[in-house]
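The values are calculated or read from the model by the stated rules, or taken from the named source; none is laboratory data. Please read all numbers here as calculations on a predicted model, not as lab measurements. Glycine gets a Cβ as well: all are built from the backbone with ideal geometry, and neighbour counts include every protein chain shown. Accessible surface is based on the protein model in full, side chains and every heavy atom, while ligands, DNA and RNA are left aside. Shrake-Rupley method; radii C 1.70, N 1.55, O 1.52, S 1.80 Å.
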Amino acid sequence: AWQSDVAASTQPHAVDAPGKPQDDAWQTRQAARIIEGDRLLAAKQPEQAIRDAFAPLIADYEARYDSSDTLYYCARTPAEGLAYMVHVGATHDRSGQGKNAVLLDQLWAYGYYGKAYALIELNRPDEATEALEKALALSPYNPQFLSERGHLYQMRKDWPEMLRSNLSAEEFAGVGSPDDQRN
């Protein structure tokens, strides 16, 4: 069943640039889109969820964060965000030629995840895979996204990849899950 934890936590905590709080009205609009997408998916209206909620959210984020020299990550928990930034720091090119990284809240990634979920409901697994891979590029340790990728592999009867994705979800549950959802 579809579930995002955005409705429970819509407080903005993203930044556009180091130390610059993101525009609250813009952030509130994006959170409202996720909540509307949740509602439409629960009402079994996946096409409308994509059209009215997830696609506009994704378009707004892609327009706002279009830098090719920056890696963007979305995190649900402080531990998840720290893990992404530690990874970037550990792999950053010390010559100054590497990419910068910006940590955002979960909304952009959940836009892709919601779109993927809706596309699965519409029996369009190839398009769902593309959207889910974009969610995972933003939140590679998110166990919910990894589990959904496992479901896509299950639909294709690709058992080794399904197992690999689900084991990754289990591995990252401690880092990428809020305390109340960890078990």
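Structure notes:
- The residue list Glu36, Glu80 contains one member that is surrounded by 15 or more Cβ atoms within 10 Å (Cβ to Cβ) and free of Cβ contacts under 8 Å to residues at least 24 places away in the same chain, which is Glu36.
- Single residue of Gln22, Gln27, Gln3, Gln11 found to be in contact with a strand residue (DSSP E or B) (Cβ under 7 Å, 6 or more places away or on another chain) and at pLDDT below 95: Gln22
- One residue stands out among those in region 83-99 that are open to solvent by 20 Å² or more (accessible area, probe 1.4 Å) and in contact with a Leu (Cβ under 7 Å, 6 or more places away or on another chain): the one that is modelled with the lowest pLDDT, which is Lys99.
- Within region 60-70, if we keep just the residues that are open to solvent by less than 70 Å² (accessible area, probe 1.4 Å) and at pLDDT 90 or above, the residue that is nearest to the chain's Cα centre (by Cα) turns out to be Tyr61.
- Listing of helices (runs of 4 or more DSSP H) fully contained in region 68-138 that carry 2 or more residues being over 20 Å from Gly150 (Cβ atoms): 78-91, 107-121
- Screening Ala131 against (1) touching a Lys or Arg at 6+ places or on another chain (Cβ under 7 Å); (2) at pLDDT below 95 leaves a single unmet condition, (2).
- Region 102-144, residues that are aromatic (Phe, Trp, Tyr) and open to solvent by 10 Å² or more (accessible area, probe 1.4 Å): Trp108, Tyr112, Tyr117, Tyr141
- Among residues of region 135-170, those that are in contact (Cβ under 8 Å) with a residue 24 or more places away in the chain and among the basic types (Lys, Arg), counted: 1
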